[in-house]
Amino acid sequence: MKNGQISHWKARPDVDAPRFPAVEAGFDVDVAVIGGGLTGLWAAWAVAVRDPSLSVALFEAETIGYGASGRNGGWLSAKPVGLRPVLAKQPQGRAGVRSADTILGKSLDEVVDLLGSDTIDAKRSGWLQVARTASELERATRYVDKARTWDISAENLRMLSAAETTERVVVSDVRGAIFSPDCYRIDPVKALASLTGLAVEAGVRIHTGSRVSELTDAGLVVNGHQVRVARQTVVATEGYSSWEKGEKRRLLPMNSAMVVTAPLSAADWAQVRWDGAECLSGSAHTFFYAQRTADGRIAIGGRGKPYRFSSGVDVDGQVDSGTVESLGQSLRDLFPGVSFELAHAWCGVLGVSRDWSPFVDVDADAKVTHVGGYAGQGLTAAYMGGNLVADLITGRDTELTRLPWVRQRPRRWEPEPLRWIGANALYKAYSWADHIESRSKSTSTAWPARIADRIAGR
Ligand SMILES: Cc1cc2nc3c(=O)[nH]c(=O)nc-3n(C[C@H](O)[C@H](O)[C@H](O)COP(=O)(O)OP(=O)(O)OC[C@H]3O[C@@H](n4cnc5c(N)ncnc54)[C@H](O)[C@@H]3O)c2cc1C
């Protein structure tokens, strides 16, 4: 089994986005974008398309999609980004949250149209969150009820019975599921490669192997060279943002690990069904997420080791053996009787802000915009965030620029060792709660999870 090498998606040489020249001398540019993930690429593309007279350069420290954008589960979904009650505290109130939900819904089709449905293996599969204990079912039902109070209709989100769920996918011990049609299964790196092509076509100058070390009054320092920025610098480094002075505690790099199997046999697929390739997840506190890939594998992810001391990140996606074993066990629990060969394991970090909600923070004096904080829901959010940033830079007043996402970055996370103790203790509490719930007939959420939710502010 392969381990690391960034991800299964990126380790396929015929599919990966191309490399670009590294910065070897200083130059002048109108708009500089830091980070070659989905947010940086969408922002750079959107600025270049809106105003072709602006010169736009994108700087990526490693390769395109080195971060979460090249390692994710491939759910392009309209799931809410951030916490609705938090965003509703912005001046736009509940109307702002509803507007974000509406834009998320229509962004899905826009992304697929722009990147090419066949090019990125897109399938409008919907997402299916299975409940396998009494308390999971109760929580799932409550989730749907709560969504109704935010005007999410049954057309967009509904409960399925155990029998209806099993008609779609055969998961052990299933008691019901939440289903939403608003999700595409995609191939993350095919999407990145397609988007990179669009950005280049729009005139964006891309540099990989080009690490930004510092923001200065004149612009930024890349590979030791000064790049002068006339209009705006966009910082889109999400879970990798601790490079910037004073920002180490701003976004918590939350780890998530994945494994992908070798292609399953036709007999195994007949047993599992899953013909609709719904993006699949669980309702446990330490949940899993999975996709049936276009080439007949299962890619499944879960938290693994949640957080590394002092906002650390992995080495090229390498995963410890305990996490690989537990993801393999999740597969065997979900689909007993199916034989799995694990082909590749990897991990990555997502960026979590202190209030678990996204931001687009414009510092007009410094001419710097920070964008991110999508936690685990970044694929559609990156498209919205990138376009929003471009609207702001080109001086437009749009439905995006009126979203409650446009706000100051939330306060910092706690200093170490509190951050490390807190993140890991919460995860332990959630695992413990899952253990209690799996042995109980009670519908109530186990107390360690209730306390953890309160401490985490979720
Ligand atoms: C394992 C995993 C599974 C996920 N699954 C899903 C999913 O199924 N659906 C979903 O919606 N979301 C998912 N997410 C979240 C989603 O992938 C991210 O929210 C999204 O990709 C963030 O994109 P980004 O461009 O903002 O950040 P990133 O993709 O992390 O890009 C940041 C980039 O900045 C670069 N960088 C950092 N520092 C510097 C510097 N100093 N100079 C230059 N470049 C720098 C990094 O190398 C990196 O390439 C998942 C995340 C992970 C880790």
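A few points about this structure:
- Positive dipole terminus of the stretch 175-303, leading residue within ASN223, VAL259, GLN291 (C-beta point charges): ASN223
- Calculated FRET efficiency for the pair ILE421/ARG228, C-beta based, R₀ 45 Å, to 0.05: 0.55
- Tilt relative to the chain, helix 378-393 - C-alpha long axis, 0 to 90 degrees, to 10: 20 degrees
- Gain on full extension, evaluated as 0.36 nm per residue between PHE309 and ARG12 minus their Cα-Cα distance, stands at 103.8 nm.
- The label-point distance for GLU214 and ALA364, in a model that sets each label 7 Å from Cα toward Cβ, rounds to 2.9 nm.
- Amide hydrogen proximity for LYS2: with H placed 1.01 Å from N in the peptide plane, the residues at 5 or more positions away or on another chain lying under 5 Å are HIS344, ALA345.
- The chain: angle of helix 134-148 to the longest principal axis, Cα-based, in degrees nearest 10: 50 degrees
- The residues neighbouring CYS279, those whose beta-carbon lies less than 12 Å from its own, together hold a net charge of +4 under the Lys/Arg +1, Asp/Glu -1 convention.
- Spatially, the stretch 114-143 and the stretch 407-434 are offset by 26 Å when compared through their Cα centroids.
- Taking 0.36 nm per residue of separation and subtracting the current Cα-Cα distance, fully stretching the chain between ALA95 and ILE455 would add 126.8 nm.
- Relative to the longest principal axis of the Cα atoms of the chain, the long axis of helix 321-334 lies at roughly 50 degrees.
- Ranking of THR166, THR216 by neighbouring Cβ atoms within 10 Å, starting from the fewest: THR216, THR166.
- Cβ-Cβ FRET estimate between ASP118 and ALA267, R0 fixed at 22 Å, reported to 0.05: 0.20
- Principal axis dimensions, largest first and in whole angstrom, of the chain by Cα: 63, 47, 43
No value in this document is a laboratory result; all are computed from the given coordinates. From a predicted model like this one, the values you see are computed outputs, not experimental measurements. As a convention, Cβ positions derive from the backbone with ideal geometry for all residues, glycine included, and neighbour counts pool all protein chains shown.
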